[in-house]
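Scroll down for the structure; my scribbles are underneath it.
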Amino acid sequence: MNLGLDFHDTISYAPDFFIKLIKSWPGDVYIVTGTPPSKIHELEEDLEKIGLSRSDFKDILTGYEYDKEDMSLEHFKLMAKHKLKLIQEHNIEVFYDDNPFYVSYIKDHGIVALQPIVSEKYL
């Protein structure tokens, strides 16, 4: 069973928990992120800072290129479709994301989607 995890506000919210989960998960683990491909090196550095190396997971599945100014409702709809396509292509059966928009969309397509409830203090 393959596992997909969002990074920003999911793994980064509870890194100790997710590092243990990633390192003990019996199937393939993918980082599924909305981060554009042009920013993948920044994401890799952030993963290393919390104690994850590329050998700890199968691959990083990125979003598409966009500018922050373009982050409208339409962006989130397109990103939800993009993430679902990546999840389906990599046979990911369990997916964690902090964003309720993505979680709701993904679970409506038959994937077990889990959302960590981020504390007010963290926000």
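The values are calculated or read from the model by the stated rules, or taken from the named source; none is laboratory data. The structure displayed is predicted, hence computed values, not measured ones. So basically every Cβ, Gly included, is an ideal-geometry build from the backbone, and we count neighbours across all protein chains shown. Keep in mind that these areas ignore ligands, DNA and RNA; they rest on the heavy atoms of the full protein, side chains included. Shrake-Rupley method; radii C 1.70, N 1.55, O 1.52, S 1.80 Å.
Per-structure values
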read-out	value
In range of the label at residue 17: residues from the stretch 87-123 whose backbone nitrogen is under 13 Å from the point 7 Å along Cα→Cβ	96-98, 114-120, 122
Out-of-range pairs (alpha-carbon distance over 19 Å; input 83/107; 68/107; 20/49; 49/85; 81/121)	68/107; 49/85; 81/121
Unit charges on C-beta of K, R, D, E only; dipole of the stretch 1-71, Debye	400
Whole-Hz ³J(HN,Hα) from phi, Karplus 6.51 cos²θ - 1.76 cosθ + 1.60, for the stretch 81-87, glycine and proline x	5, 5, 4, 4, 4, 4, 4
Probe 1.4 Å, protein heavy atoms only - accessible area per residue of the chain in square angstrom	57
Selected from 93, 44, 74 as most flexible by GNM, with the chain as the system and alpha-carbon contacts under 10 Å	74
Structure-derived P(r) over Cα pairs in 10 Å bins from 0, in percent: which label, when the choices are [x] 13, 48, 36, 4; [y] 14, 30, 20, 16, 13, 5, 1, 0; [z] 14, 45, 28, 10, 3, 0	[x]
Amide H within-cut-off set for residue 35, under 5 Å, with H built and near neighbours excluded	63
Highest to lowest packing among 24-37, 56-69, scored as the average C-beta count within 10 Å	24-37, 56-69
